[in-house]
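Trainee: Take this structure first; my questions come after.
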Amino acid sequence: MRAQEALIVFAIASACNPAQPNEPPARIVAGSSDTIIINNRAGIRIPIRVLDVSGKTLPDSDARFRLVNGREVRVSTNGIVTCTRSVDANVEVTIGALHKSTVIRCRPVKKVYIAGPIQFLLPDTAQEMRMNVLDLDGSSVSLLSGTPWIRDTTIATIDGIRVIPKSPGVTLAKVRFGNESGWVGVHVYERATSLDGLARGKESLGIPVRLKGNERQS
């Protein structure tokens with residue numbers, strides 16, 4: 001998994017530079033190493049990129065898709081794949097004379113559980129989210145392609161499944177796989193030797209305590 005990405009589209013005037021005709025398609029890129037992980041339960045278009053000889057991205061509206069093999073996987077001619085079970089399938093993509101074979105790893109997700117809250121006592125570094133992701137049969141899913149998000153980036157940031165603390169406070173983190181999301185609270189505490197700082201308006205203080213044997217403190 002990667003950190004949240006923003007897609008920015010720039011509209012550029014072409015009055016001074018007349019549009020040049022596109023080069024013909026030279027290559028079809030599908031996923032990573034020709035493998036695509038699908039965690040969606042609802043239909044989703046198979047992500048591909050069409051490139052010319054110089055590596056420029058071309059429109060992929062002319063792409064046609066064909067299911068070569070794979071039970072319980074439905075693929076339309078325009079590339080909408082519907083995964084109903086955790087299975088693998090082979091799909092062929094065609095644009096003109098170009099052909100590309102790709103493997104679809106169908107791993108539809110039904111539930112995302114994240115253990116929490118995640119707590120930090122500064123200057124802690126980072127922690128990985130402890131997740132349990134289940135498919136339609138209740139089995140754990142290990143092949144995942146998701147999008148992480150965190151509400152307040154002044155308190156913590158997120159890189160894949162790693163949460164990195166920045167300043168004291170409380171926020172929420174989320175990871176989305178397909179149609180499902182899991183949430184977890186993130187608590188970042190300032191290291192202190194007493195709770196006197198609470199009287200001065202500080203809200204997130206933490207005091208490290210070491211206990212011996214069956215010792216208890218409150």
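The values are calculated or read from the model by the stated rules, or taken from the named source; none is laboratory data. Since the structure is predicted, the reported quantities are computational estimates derived from the model, not experimental observations. Here the Cβ is made from the backbone with ideal geometry for all residues, glycine too, and neighbour counts use every protein chain on show. Calculation scope for accessible area: heavy atoms of the full protein, side chains included, ligands and nucleic acids excluded. Shrake-Rupley method; radii C 1.70, N 1.55, O 1.52, S 1.80 Å.
Trainee: Does the stretch 78-125 hold any residues that are modelled with pLDDT of 95 or more, touching a strand residue (DSSP E or B) at 6+ places or on another chain (Cβ under 6 Å), in a loop (DSSP other than H, G, I, E, B) and closer than 30 Å to Y189 by Cβ, and which are they?
Mentor: P117
Trainee: Another question about this same structure. Among the numbered conditions (1) open to solvent by less than 60 Å² (accessible area, probe 1.4 Å); (2) under 19 Å from P25 (Cα atoms), tell me where S54 comes up short.
Mentor: The one condition S54 does not meet is (1).
Trainee: Here's something else I'd like to know. Checking the condition open to solvent by 70 Å² or more (accessible area, probe 1.4 Å) and over 21 Å from the mean Cα position of the chain (by Cα), which residue from D137, D159 passes?
Mentor: On inspection, the qualifying residue turns out to be D137.
Trainee: Then there is this: Checking N39 against (1) at pLDDT 95 or above; (2) open to solvent by less than 80 Å² (accessible area, probe 1.4 Å); (3) farther than 21 Å from S181 by Cα: exactly one of these is not met. Which one?
Mentor: That leaves (3) as the condition not met.
Trainee: Does the stretch 94-113 include one or more residues that are among the small types (G, A, S) and surrounded by 14 or more Cβ atoms within 10 Å (Cβ to Cβ)?
Mentor: Quick first cut of the stretch 94-113, residues among the small types (G, A, S) only: 96-97, 101.
Pick out the ones that are also surrounded by 14 or more Cβ atoms within 10 Å (Cβ to Cβ) and you get none.
So far as the stretch 94-113 goes, no, none of its residues is among the small types (G, A, S) and surrounded by 14 or more Cβ atoms within 10 Å (Cβ to Cβ).
Trainee: Let me ask something additional. Inside the stretch 197-218, can you point out the residues that are open to solvent by 100 Å² or more (accessible area, probe 1.4 Å) and either at pLDDT 75 or above or not basic (K, R) (or both)? So that I can check it myself, show each step before the final result.
Mentor: First, the residues of the stretch 197-218 that are open to solvent by 100 Å² or more (accessible area, probe 1.4 Å): 200, 203, 210, 212, 214, 216-218.
E203, R210, K212, N214, R216, Q217, S218 - these are the residues of the stretch 197-218 that are open to solvent by 100 Å² or more (accessible area, probe 1.4 Å) and either at pLDDT 75 or above or not basic (K, R) (or both).
Trainee: For residues that are more than 30 Å from T82 (Cβ to Cβ) and in contact (Cβ under 8 Å) with a residue 24 or more places away in the chain, scanning just the stretch 179-196, find the one that is most open to solvent (accessible area, probe 1.4 Å).
Mentor: Going through the qualifying residues, I end up with R191.
Trainee: Continuing with the same structure: Please tell me if V91 is open to solvent by less than 70 Å² (accessible area, probe 1.4 Å), closer than 30 Å to V29 by Cβ and in contact with an Asp or Glu (Cβ under 6 Å, 6 or more places away or on another chain).
Mentor: So V91 does not fit the description; no.
Trainee: Specify the residue that is nearest to P108 (Cα to Cα); the eligible residues are those in the stretch 62-73 that are at pLDDT below 95 and open to solvent by 60 Å² or more (accessible area, probe 1.4 Å).
Mentor: Out of the qualifying residues, it is E72.
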